[in-house]
Structure formats: C-alpha cells, structure tokens
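Shown next, in structure tokens, is the structure this report addresses.
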C-alpha cells in the first residue's frame, strides 16, 4: 500500500511538472502568436492561422507523437531517453499557445478603440499603450476562458502516457492492472479533482483581485 | 489687427472616406492664443472629423495643419504629407483632447488617470506629478475622489477627470469633442461650468458642441460647418443674428 502511494506520488510530481512548465511557456508564447494572428503583414497572419488550425484541428495525442519522433524521422537524430519529457513540454506548449493566442486575441479586440486613442493623444508610445493601458484590461476580461483552458490542461497531462512518460495516470493504470483493483484509479481521479479545485480557487482569487473596477 | 499668436492654423483641409464620401471639402480656420472657438453644425457636417484630423487621430487627404508655425501636415501636389514621427510627437504636446465618451482608463484610480501620462510620458517625478494632479482635481471639485475608480463616478465627474487628465500635460490648446453629449442635462451643467472656468482663465479651446446657448456665452468665435464646408466663422452674436437662412434655421430649431 505504501509503495502504491509513493509510486502515485512520483507520478503526481511529473503531472504537476508538465502542467507548470506548459503554462510557463504557453502563456507568453500565446501572446506572441496572438500578435502574429493580428499582424498587418498578410504572410505572417496566414502562417499563424495555419499553425492555429493544425494545433486546434488535430489530436494533441498525435501532436505528442509527431514532436517525439520528428527528430529521428525528419533529421535522423537519435532520440535520447531524456528527450521524452522535453517532447511532452514542447508539444503541450505549442498546442496550448494556439488556444491561448485566440483567447488573447478576443480579449485584445474587445478593448474599445477609445482607449487606444486616449493613450495616443496623451503621448504614450505603442509599447506603453499596450502594456500599461490595454493588457491589464485584457487580463481581466480573459481570466474566465483562461481558467477553462488551464483546467483542461491539468487533465490533458495524462496524454503524456502515449510517449511513455510516467505521469500520474500511467502509473495509476499500471497499479490497477497489477492489483486487479480500481483503487489506484480512484486515487488518481481524486488527485485531478483536488488539483483542479486548487487551480480554480487560485484563478478565482485573481478574478476577485481584479474586480475593483468595471 | 489681432496680434495674438496663432496657435493653430488649418488650411484647406480635405478628407474623404472611400471614394465619394467627402466629409471635409475645404476647411480653413485659425485659432489664436486665448481664444475659445466653438464648432457647430448639423450631424454629418464634419465637426468631429475636423477635430480628429486636427488632433491627428485621422489622417487628412490634403491641406495643411500648422501648430505654432510648425507644419504637422503640408500640402504637396494635392496630397497631405505629414512631418516625421519625431516631429509629430513634439507637435502633439501642444494640444490635449477631451472625448465625448471620456475614455478614462478604467483600471487606474482617478489620480493615476490624471498623473500617469505625466510620469510615463513627460518624465515628471511622481511626487510632483501627484501634487500637480491633486491641484487640478481640487480645482474641479474632485479632490475627494482621487482614490476612486472611474466606474465609481458619475458621468459628469468622469468627464471632469478627463479634462483634468488632458490639462495635466499643460497643453496650449484643449480640444473638446462633444464633451456633454453623453450626459444628462444636470451633469452637462457641471461640465460646462468647468469649461467656462477654463475660458475665464484664457485657456485656448476648440469645442465641438450642440449646446448653442453655451457656445454663445463661452466662445469668442463660432464656426458653423455644413456638408464639409465652413458656412460662417464669426463672433457669436453675429452668427446668431446672421441673415444666412440655413444657419438661422439650425440655431432656431435647437433653441425652440
């Protein structure tokens, strides 16, 4: 029993790592992708559109496999053991960046043009206007959909099993098969639930913090 | 002969949207230091557009925009050519703009709305910016609202904050784009009072408005626009007593 929990615990750590690293990379990357999507340069706009279409239009599981095997099949590089985890983070980050990009875009485009005009007449340059005036308002508006994506991400971490990264769910399945009991799976379920409860709680705190204005 | 300095001169401004919507056909007028000029006219006459062009929010097709003798836009072979970005930035410091819908920054407190551009753009130290901001708020009866957020204020208060925000940067000219159109009559009064206060202090102002009585009281000159042309540009009493049938009709309608 004790070893069951220690095994599950090591899986939890891997799941949490995938989750945190993916957020760390995909949130800023999503902003860059959003800028590309709104670029005045048509070529950039189209490239980013195609990228988003592929990321949203194909299974994340398939993307994991592609990212994992691409170095070997495309470049002939031998895949090392440590690349597994890196591949998971790359695949998750570029996938979630596409979703976050569209959330950012919806937020940015919902800010009234008068805010830009007021900033311009007051002499703010473009960078100042975006980071001081526009972006703080965007964050407030996009928190609910970002919470949604973040919660989905917690559950999506279980997809890492497809390239044999031993995250929480992979281990729970192995234990369940060995013990011919669903206990480990139930524990795994509880873990995801509590994890997401915490995520939702933290996001709600952010929302409350930003509720001082309309 | 009027020897006050010319702060703004507009020469033959032309602006079309698309092929055939000629919003501004040929607009010229000038504004001297300390003058209050009201721009009136029916909807679609180009009042707001001329203000947007003068403040460079909208680019003109042809004509000249000259601030303090410096060309922001020059007419070259029938097309407007703008000064360099750097020059325009410098020229932009001469004016401020008050919007119809205030456009305050909702995530900033009142005092931060008034002082942030001073600190971020003009590089004034924070203490001094706040001191200047509080003086302005105090002048407009808003000192006790300094730490409130725009959403906690009435429309009239918000508009007074936005006037304070524009004045904080100490512009030589202040533009108003229908400053009271989003307000009910009671709130309109408090905003007009502030503008009158500024007029009495000889602030140079260009005001697009529908408030005829106010325009008559506060203005040194009234410019009447129709269909993208200046119909009259004269002292208020002369505009109100004009023989021009169209102008009489317009003013008569609004007074009745």
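The listed residues are A:134, A:163, A:151, and the only one of them that is in contact with a helix residue (DSSP H, G or I) (Cβ under 8 Å, 6 or more places away or on another chain) and within 14 Å of chain B (Cβ to nearest Cβ) turns out to be A:134.
Scanning segment A:70-120 for residues that are within 23 Å of residue A:147 (Cβ to Cβ), over 21 Å from the mean Cα position of the chain (by Cα) and within 14 Å of chain B (Cβ to nearest Cβ) yields A:110, A:111. Looking only at segment B:48-65, which residues are farther than 20 Å from residue A:116 by Cβ and without any contact (Cβ under 8 Å) to a residue 60 or more places away in the chain? B:61, B:62, B:63, B:64, B:65, listed by residue number. Return yes or no: is residue A:139 over 14 Å from the mean Cα position of the chain (by Cα), surrounded by fewer than 17 Cβ atoms within 10 Å (Cβ to Cβ) and farther than 15 Å from residue A:35 by Cβ? In short, yes. Listed conditions (1) more than 17 Å from residue A:13 (Cβ to Cβ); (2) buried (at least 21 other Cβ atoms within 10 Å of the Cβ) are all met by residue A:152, apart from (2). Number of residues in segment B:156-173 that are closer than 30 Å to residue B:69 by Cβ and within 13 Å of chain A (Cβ to nearest Cβ): the value is 11. Among the residues of segment B:10-31, none qualifies, meaning not one is within 14 Å of chain A (Cβ to nearest Cβ) and at pLDDT below 95. For residue B:209, the requirement of being crowded, with 20+ Cβ neighbours inside 10 Å, out of contact with any strand residue (DSSP E or B) (no Cβ under 9 Å at 6 or more places or on another chain), at pLDDT below 95 and closer than 30 Å to residue B:133 by Cβ is not met. Taken as a whole, the structure leaves residue A:145 outside the set of residues that are within 25 Å of residue B:116 (Cα to Cα), part of a helix (DSSP H, G or I) and either within 14 Å of another protein chain (Cβ to nearest Cβ) or touching a helix residue (DSSP H, G or I) at 6+ places or on another chain (Cβ under 6 Å) (or both).
When we screen A:172, A:188, A:200 for residues that are away from chain B (no Cβ under 14 Å), under 18 Å from the mean Cα position of the chain (by Cα), part of a helix (DSSP H, G or I) and touching a residue at least 40 places away in the same chain (Cβ under 8 Å), the only hit is A:200. Counting only helices (runs of 4 or more DSSP H) that sit wholly inside segment B:49-155, those with at least 1 residues that are exposed (fewer than 14 other Cβ atoms within 10 Å of the Cβ) and within 14 Å of chain A (Cβ to nearest Cβ) are B:85-92.
The values are calculated or read from the model by the stated rules, or taken from the named source; none is laboratory data. What you see is a predicted model; the values in this text were computed from it and never measured. No Cβ is skipped: glycine too gets one built from the backbone with ideal geometry, and neighbour counts run over all protein chains shown.
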